[in-house]
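Let me begin by presenting the structure, written as structure tokens, before commenting on it.
The values are calculated or read from the model by the stated rules, or taken from the named source; none is laboratory data. All figures in this text were calculated on a predicted structure; none of them were measured in a lab. Cβ coordinates were reconstructed from backbone atoms using ideal geometry, including for glycine residues, and neighbour counts include every protein chain displayed.
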Amino acid sequence: MTSTTKSDQIRSTTGTAGAEPAERPRRAAASALLGAASAASRGPAGVGLLLAKKGYGLARKQAAQRRAATAEHIARANRTTALVTAESGSRRTRKFLLLGAAAAVVGGAVFLLGRRRNEVPPPADVPPSLADYDEASS
């Protein structure tokens with residue numbers, strides 16, 4: 001009789017011993033199921049430990065992705081800042097644009113103030129009644 005370890009026996013029964021590269025996903029799934037089964041056999045503490053390990057692994061993976069995305073975002077922001085702060089046009093053009101914007105603001109203020117009522121309309125002689133509306137609608 002040959003001596004084999006318990007893990008070799010399990011691998012031979014699950015079909016993962018000497019697996020080909022094409023069989024690796026199946027072997028990984030079998031390994032995950034085996035890990036889940038062994039954690040379940042240890043009770044709630046085993047299941048909790050397995051879930052904690054999976055959660056910790058996912059959190060580390062997410063943190064690494066976030067760090068990479070943050071570095072990319074900072075680089076993109078630096079490029080944008082460099083483009084915005086680049087020299088744009090001459091002083092004459094800037095002065096012309098500023099004067100045009102100021103003229104537009106003043107013109108808008110004059111227009112709005114001109115449309116306002118300067119005096120309050122006088123109150124009506126008689127308050128409105130429903131009878132007035134009935135005569136107008138018929």
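Return a yes/no flag: does region 78-94 have any residue that is farther than 30 Å from residue 33 by Cα, assigned to a loop (DSSP other than H, G, I, E, B) and touching a helix residue (DSSP H, G or I) at 6+ places or on another chain (Cβ under 9 Å). Yes, region 78-94 contains a residue that is farther than 30 Å from residue 33 by Cα, assigned to a loop (DSSP other than H, G, I, E, B) and touching a helix residue (DSSP H, G or I) at 6+ places or on another chain (Cβ under 9 Å).
Of all residues in region 14-39, those that are modelled with pLDDT of 75 or more have Cβ atoms under 9 Å from Cβ atoms of residues that are not polar (S, T, N, Q) and not in a helix (DSSP H, G or I), 6 or more apart or on another chain, in 26/15; 26/19; 27/15; 27/19.
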